[in-house]
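One structure is given here, and the rest of the page talks about it.
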Amino acid sequence: MSLAHLDTRPAAAVTPITRSEQVAPESSSAHLRAVPTGTEARGFVLYVGIDEDKAAADGTDLSEIVAQLRALAAQLSPSSETYAAVALAPRGAGGRDVDVVRLALQDPAALAKHRHTPEDEDRARDGVVIDLSRKRVLLDNNAANLTYKEFELLQYLVLREGKTIDRAELIASLWSADDSDIPNERTIDVHVRRLRAKLGDYEDIVRTVRGAGYRFDRHADVSVQHTSTPSPDLF
């Protein structure tokens, strides 16, 4: 989410409101909290949560709402200065409009809440488990949906940990002459790219060695469970 200016003025510019823009003030019983000792109040922020569709349904638009609020501020206090920005978010992102606005404007309380959501706290990172005996890969305790060939590719690299394997060796070792989809040295990159995409946050365990090939790099959060007997592709 980000901000968009309502007009073409520079971000730091402030334009006083003329009396012709003023509208009748609305009464309010809200009161500001006491200002802490050693500080002074220099203004305030009013977060308004409303999207373009809701504004249109109410017979107005965001620009008109901003103009009316500026006019009201000018009527209540002619010496006040105003500046407005619109909070932008991906269409369909969801969430309460006012929360989106607070996050976009870097409201400290909203940022703190966003960084410590229950979902983040409950999302345990268990690392990668490459289980060669069961032919499966677990990412943070969730099974990765690898195809048979993708697992073979990963296993081939894992069993040669730390060694750079060139594309020609991968093709010759993992595809037989009878296969109908034998890749060439360019399309083997597509297979590796698909494998890395399924590894998600742990894609860098399959390392690209520029101009040479690919290598498996074991991290502290990677566990390899070997079979009880040697793998047939390791000699």
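Projecting label points 7 angstrom from Cα along Cα→Cβ for residue 50 and residue 173 puts them 6.5 nm apart. Normalised per residue, the accessible area of the stretch 35-76 is 74 Å², obtained with a 1.4 Å probe and no contribution from ligands, DNA or RNA. Model label points for residue 207 and residue 86, set 7 angstrom from Cα along the Cα-to-Cβ axis, are 4.8 nm apart.
Computed from the C-beta positions of residue 166 and residue 126 and an R0 of 35 Å, the FRET efficiency is 0.60 to the nearest 0.05. Using a 1.4 Å probe on the protein heavy atoms, what percent of the accessible area of the stretch 137-214 belongs to carbon and sulfur? Its accessible area is 43 percent carbon and sulfur atoms. The listed peptides 141-151, 177-187, 195-205, ordered by packing as a protection proxy, come out as 195-205, 141-151, 177-187 (highest mean of other Cβ atoms within 10 Å first).
The values are calculated or read from the model by the stated rules, or taken from the named source; none is laboratory data. Computed from a prediction, not measured in an experiment: that's the story for all the values here. Cβ coordinates were reconstructed from backbone atoms using ideal geometry, including for glycine residues, and neighbour counts include every protein chain displayed. Just the protein is used for accessible areas: all its heavy atoms, side chains included, with ligands, DNA and RNA removed. Shrake-Rupley method; radii C 1.70, N 1.55, O 1.52, S 1.80 Å.
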